[in-house]
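A.B. asks: Quick one: this structure, given as structure tokens, is what I'll be asking you about.
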Amino acid sequence: MFDGLPSAFAEIRQAGVNLARIPRTPSPDLRAAVARVLAGPAADFDLQVDAGTFEARFAAALPPPALAADLAADMAAIARQFAAATGACGLRARFERIEGPGCKLFHVDYVECRLITTYAGAGTEYLADADVDRARLGRGSNRGIKRRGAAIARLAAYEIGLFKGEGWPGNRGGGIVHRSPPATRDDPRLVFVLDALCAH
């Protein structure tokens, strides 16, 4: 489904790196599986999963399993690489269909490392460190967080983003600043999120 991810995933372990972007070109089978899930009933899940159970757990959580096998396999492949890169003993895995405003405020995550990929709709938005006034975070508004003239960057659909949070050792005050773009019922987002548990 994708090539060369071990070294790309390992980039997030480098000091001074708080975001690793991994572009992907999905296979026709994966696109078809995503389209089937998008056209069906809600398939949201929130699971704690251990290495070795990824594919079975994701397949069981996506209704109907037979129509989403390629999506479950893709999620499992991503999870294996993420667990290896972070040294996690387990992962929290969330899959969500978003049809509303999402999280419109720029923020940092208080986790060690979070993986986000969007299977449908707009990808996660973020700001480069040089474009952020961190003193403005957490005030209930985006006002003043983005420095004048700075651009908001966005992950592409299917692209993987590894977001280093405030909980990564030595990264206090350096978590990547990001937010979720809005979605609608007619243009929803399908978002897959992994958090590393007991990493390193």
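The values are calculated or read from the model by the stated rules, or taken from the named source; none is laboratory data. Computed from a prediction, not measured in an experiment: that's the story for all the values here. All Cβ positions, glycine included, derive from the backbone under ideal geometry; neighbour counts span all protein chains shown. The area values use the complete protein model at the heavy-atom level, side chains included, leaving out ligands, DNA and RNA. Shrake-Rupley method; radii C 1.70, N 1.55, O 1.52, S 1.80 Å.
A.B. asks: Could you please find all residues in the stretch 61-75 being small (Gly, Ala, Ser), out of contact with any strand residue (DSSP E or B) (no Cβ under 9 Å at 6 or more places or on another chain) and surrounded by fewer than 20 Cβ atoms within 10 Å (Cβ to Cβ)?
C.D. replies: We begin by selecting, within the stretch 61-75, every residue small (Gly, Ala, Ser); these are 61, 66, 68-69, 72-73.
With out of contact with any strand residue (DSSP E or B) (no Cβ under 9 Å at 6 or more places or on another chain) added as a condition, the list becomes 66, 68-69, 72-73.
Result: Ala66, Ala69, Ala73.
A.B. asks: Here are Phe45, Phe2: which of them is among the aromatic types (Phe, Trp, Tyr) and either closer than 30 Å to Gly174 by Cβ or modelled with pLDDT under 90 (or both)?
C.D. replies: On the way: Phe45 fails: either closer than 30 Å to Gly174 by Cβ or modelled with pLDDT under 90 (or both).
The match here is Phe2.
A.B. asks: Return the pairs, sorted by first residue and then second, in which the second residue is open to solvent by 30 Å² or more (accessible area, probe 1.4 Å) and acidic (Asp, Glu), the first residue lies in the stretch 38-59 and is outside any helix (DSSP H, G or I), the beta carbons are less than 6 Å apart, and the residues are 6+ apart or on different chains.
C.D. replies: From the stretch 38-59, the pairs are Asp44/Glu96.
A.B. asks: If you don't mind, another one. Would you confirm whether or not the stretch 185-194 contains a residue that is of a type in the set (Val, Ile, Thr), under 12 Å from the mean Cα position of the chain (by Cα) and open to solvent by less than 20 Å² (accessible area, probe 1.4 Å)? If you could, list the steps in order and put the result at the bottom.
C.D. replies: Of the stretch 185-194, the ones of a type in the set (Val, Ile, Thr) are 191, 193.
With the extra rule that they be under 12 Å from the mean Cα position of the chain (by Cα), the set shrinks to 191, 193.
Now restrict to residues that are open to solvent by less than 20 Å² (accessible area, probe 1.4 Å): 191, 193.
Yes: the stretch 185-194 contains one or more residues that are of a type in the set (Val, Ile, Thr), under 12 Å from the mean Cα position of the chain (by Cα) and open to solvent by less than 20 Å² (accessible area, probe 1.4 Å).
A.B. asks: Another question, if that's okay. Name the one entry in Arg154, Arg147, Arg136, Arg143 that is at pLDDT 95 or above and open to solvent by 60 Å² or more (accessible area, probe 1.4 Å).
C.D. replies: Arg154
A.B. asks: Next up: If Gly138 meets every condition in (1) in a strand (DSSP E or B); (2) touching a His at 6+ places or on another chain (Cβ under 8 Å); (3) of a type outside the set (Asp, Glu) apart from one, which number is that one?
C.D. replies: Going through (1) in a strand (DSSP E or B); (2) touching a His at 6+ places or on another chain (Cβ under 8 Å); (3) of a type outside the set (Asp, Glu) one by one, Gly138 breaks only (1).
A.B. asks: Condition first: at pLDDT 85 or above, closer than 23 Å to Gly40 by Cα and assigned to a helix (DSSP H, G or I). Now tell me which residues in the stretch 60-77 satisfy that.
C.D. replies: First, pick out the residues of the stretch 60-77 that are at pLDDT 85 or above: 60-62, 68-77.
Filter again for closer than 23 Å to Gly40 by Cα, leaving 60-62, 68-76.
Correct list: Ala60, Ala61, Ala68, Ala69, Asp70, Leu71, Ala72, Ala73, Asp74, Met75, Ala76.
A.B. asks: Considering only residues that are of a type in the set (Gly, Ala, Ser) and either open to solvent by 40 Å² or more (accessible area, probe 1.4 Å) or not in a strand (DSSP E or B) (or both), look in the stretch 108-133 and name the one that is nearest to Gln81 (Cα to Cα). It would help to see each step written out before you state the result.
C.D. replies: Going through the stretch 108-133, the residues of a type in the set (Gly, Ala, Ser) turn out to be 120-123, 128, 130.
Those left that are additionally either open to solvent by 40 Å² or more (accessible area, probe 1.4 Å) or not in a strand (DSSP E or B) (or both): 121-123, 128, 130.
On the way: Gly121: 24, Ala122: 24, Gly123: 20, Ala128: 25, Ala130: 29 Å.
The residue in question is Gly123.
A.B. asks: Working only within the stretch 78-107, note down all residues that are open to solvent by 20 Å² or more (accessible area, probe 1.4 Å) and modelled with pLDDT of 90 or more.
C.D. replies: Within the stretch 78-107, Arg80, Gln81, Arg92, Arg94, Glu96, Arg97, Ile98, Glu99, His107 meet the criteria.
A.B. asks: Within the stretch 11-68, work out how many residues are within 27 Å of Thr184 (Cβ to Cβ) and of a type in the set (Asp, Glu).
C.D. replies: Of the residues in that region, 2 qualify.
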